[in-house]
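The values are calculated or read from the model by the stated rules, or taken from the named source; none is laboratory data. Keep in mind that what you see is a predicted model, and the values were worked out from it rather than measured. So basically every Cβ, Gly included, is an ideal-geometry build from the backbone, and we count neighbours across all protein chains shown.
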Amino acid sequence: MSSIVNLLIPLTFLVPLAGGVGFVIYHLAAGELGGFWPYLLIAGALVLALPFVVLLKAGFHRTNWLLRIRDDGLVLKFRSDLNAELPEPHPVVVNVPYRSIRSMRHTRERVRHHSLSEEGADRVLVSFLDFRLAAGVVTEPLRRAIAAELAFSPEGSHTLHRHYPVRLDGDVLRVQWRTGLRPGLKATVARLRPHVSEEERLTLTRDFTAPVTAERADDDILELARRGRVMAAIALARRFYGVSLTEAKLLVDRLLAGERDG
């Protein structure tokens, strides 16, 4: 089950960008444009296109998947599809037999958080597929594996996205279902019903805009960062602590580093 977002987002930007570059090149070749600015424009467009080309390439990568359903259980990949091309020096998948799952539930969260702009707040709907593990299931190996992924920092020029779609909270294995993941969450639940009992769907509300204590603020900042909403985490740090953008980013990095070290 992979994400088509990695295909649609870069194509949305690359197609008009390529059209604009082609337009400039056509008129440049026809002698209708002069000076250095057309070349600067083309060079700037190529620089802007580079991250979207990387994202487009990741959309076709063979490791771009999150969950696989088998006859005897699930295979979960707890590395984000955004990091599909990174090396794997440690295990990033876990086999979960159906006998280890007591129930599953579709959980939705209506989330409100700050944006980097000074006005207003963003509202998003986040979906999770929660697996409640059966009593007696040994979870320590999975906890260690997820901790290793949190601590992972690739060498060289690789870009690391701070997005961790799978987490273990107590006896609940939570999988964040990003928009664009195919098949969709409802179809996935339908395929799992013959194997796993289903709890009633739950809808929650989470407001990250008004933490009342520094400890709560740090928890909310870290939670946003773990969900891959690093910009929202930085925005919260700026508003709560009254610091600059650079200082807020350093705070988020320190909180993530503290979680990885812990």
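Observations on the structure shown:
- Considering (1) farther than 16 Å from His113 by Cβ; (2) part of a strand (DSSP E or B); (3) of a type in the set (A, V, I, L, M, F, W, C), the lone condition that Leu204 does not fulfil carries the number (1).
A quick yes/no check of all residues on (1) surrounded by 14 or more Cβ atoms within 10 Å (Cβ to Cβ); (2) in a helix (DSSP H, G or I); (3) over 17 Å from the mean Cα position of the chain (by Cα); (4) not hydrophobic (A, V, I, L, M, F, W, C):
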| site | (1), (2), (3), (4) |
| --- | --- |
| Arg79 | yes, no, no, yes |
| Leu82 | yes, yes, no, no |
| Val96 | yes, no, yes, no |
| Phe131 | yes, no, yes, no |
| Gly136 | no, no, yes, yes |
| Ala145 | yes, yes, yes, no |
| Leu150 | yes, yes, no, no |
| His163 | yes, no, no, yes |
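- Filter pass, Glu109 being farther than 18 Å from Arg229 by Cα, charged (D, E, K, R) and in the same structural domain as Val196 (by TED's automatic domain parsing): no
- Residue within segment 210-227 that is free of Cβ contacts under 8 Å to residues at least 24 places away in the same chain, small (Gly, Ala, Ser) and under 19 Å from Ala121 (Cβ atoms) present: yes
- Meets criteria (acidic (Asp, Glu), out of contact with any Gly (no Cβ under 7 Å at 6 or more places or on another chain) and at pLDDT 90 or above) for Asp218: yes
- Qualifying residue in segment 126-140 (condition: polar (S, T, N, Q) and over 29 Å from Asp220 (Cβ atoms)): no
- Residues being in contact with a helix residue (DSSP H, G or I) (Cβ under 6 Å, 6 or more places away or on another chain) and surrounded by 19 or more Cβ atoms within 10 Å (Cβ to Cβ) - total across segment 221-237: 8
- Hey, Ala187 part of a loop (DSSP other than H, G, I, E, B) and surrounded by fewer than 16 Cβ atoms within 10 Å (Cβ to Cβ) or not: no
- A count restricted to segment 165-178 and to residues that are closer than 17 Å to Glu223 by Cβ, outside any strand (DSSP E or B) and in contact (Cβ under 8 Å) with a residue 24 or more places away in the chain stands at 2.
- Hey, Pro89 modelled with pLDDT of 85 or more, surrounded by fewer than 14 Cβ atoms within 10 Å (Cβ to Cβ) and not acidic (Asp, Glu) or not: yes
- Segment 140-172 - residue that is modelled with pLDDT of 90 or more and β-branched (Val, Ile, Thr) and, of those, nearest to Val93 (Cα to Cα): Val166
- Among the conditions (1) farther than 30 Å from Ala210 by Cα; (2) out of contact with any Leu (no Cβ under 7 Å at 6 or more places or on another chain); (3) touching a residue at least 60 places away in the same chain (Cβ under 8 Å), the only one that Leu181 does not satisfy is (2).
- Of all residues in segment 104-120, those satisfying the criterion of being over 20 Å from the mean Cα position of the chain (by Cα) and assigned to a strand (DSSP E or B) are Met104, Arg105.
- Test: residue in segment 239-250 that is in the same structural domain as Ile101 (by TED's automatic domain parsing), at positive phi and not aliphatic (A, V, I, L, M): no
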